[in-house]
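Here's the structure we're looking at; comments come further down.
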Amino acid sequence: ATGDAVSPRDFAPPLRDINSPDLYLPAMAFITYVLTIGYIKGTRRAFNPEVLQDTFSTCLLTLVLEVGLMKGGLYSLGGAYVRIPWLDLCVYASYKYVSIALGLLIGIFMGTAVYNGVMLYVSAATAFFVYKSMHRAVPRPGHEATGHKRRMYYLLACAGLQLLVMLFLGFTRDLGESTIFRGLGRDALADAVEAPGPNEVDV
């Protein structure tokens, strides 16, 4: 540390430090999210190649804006001692795609009602995860009371930003009812149609 400032934590490579930011999982989840949106559109007969392009562009633009806001917030804390690499901020802002992709996959099988509940939970959980991760990454400002308050507000803003973006990207009207329950209902209807009536007599 230098003066009253505490230096940011230096992580070891991901293979040797489980807390090190790792872009592999968020990148795979990002791709999975885009492809899942395309699949959902396809089940509604609303798919075309532009769906993947538009979804990818929206996610990329949103990510750039998020990372820009997070970096700008660090400068407001004091750019002289708060130095977090751009790529690390990109990792922290991309973890949400794991939760969104998981929620969508659950929604495909369980329907909109379950999906909405799952998304509320995973959004809150991801926001808390980002808060705790950034809490470890952003150094404490020393003994200045206002600096501690600004740091706390910044961490809460990062968590709240993830929550809002997840609800925005995860919003969809294309899931419909549960495919499991729909399949069970279709099978039950088929059995009812095929079953002989009480007045039918075998000849």
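The values are calculated or read from the model by the stated rules, or taken from the named source; none is laboratory data. Just so you know, these numbers come straight off a predicted model, no measurement behind them. Here the Cβ is made from the backbone with ideal geometry for all residues, glycine too, and neighbour counts use every protein chain on show. When the accessible area is computed, the model is the full protein with side chains, heavy atoms only, and any ligands, DNA or RNA have been set aside. Shrake-Rupley method; radii C 1.70, N 1.55, O 1.52, S 1.80 Å.
Over region 33-124, one equal point on each Cα, no solvent: what is log10 I(q)/I(0) by the Debye formula at q = 0.11, 0.13, 0.23 Å⁻¹?
Here the Debye-derived log intensity ratios amount to -0.43, -0.57, -1.14.
What spacing in nm lies between the two simple spin-label points modelled at residue 35 and residue 140, each 7 Å away from Cα in the Cβ direction?
4.5 nm
Provide the solvent-accessible area of residue 22, counting protein heavy atoms only and rolling a 1.4 Å probe, rounded to the nearest 10 Å².
60 Å²
Given points 7 Å out from each Cα along the Cα-Cβ axis, report the residue 54 to residue 112 separation in nanometres with one decimal.
1.8 nm
Report the convex hull volume per residue for region 94-163, counting only C-alpha atoms, in Å³. Working shown, then result.
Values: hull volume 4.7 nm³, N = 70.
Dividing the Cα hull volume of region 94-163 by its residue count gives 67 Å³.
Once the whole set of protein chains is in place, how much accessible area is left on residue 171, using a 1.4 Å probe, in Å² to the nearest 10?
Spelled out: residue 171, probe radius 1.4 Å, area about 130 Å².
Quick check: with the 1.4 Å probe, what order do 140, 151 take by accessible area, largest first?
Working: 140 115, 151 15 Å².
Solvent-accessible surface, decreasing: 140, 151.
Let me know the charge dipole size of region 42-143 about its Cα centre in debye, to the nearest 20, where only the beta-carbon of Lys, Arg (+1) and Asp, Glu (-1) is charged.
Working: 8 positive and 4 negative charges, 59 e Å.
So the magnitude is around 280 debye.
At a Förster distance of 30 Å, what's the computed FRET efficiency of residue 76 paired with residue 121, Cβ-Cβ distance as r, to 0.05? Spell out each step's value before the answer.
On the way: r = 31 Å, r/R0 = 1.04.
The pair residue 76/residue 121 has a calculated efficiency of 0.45.
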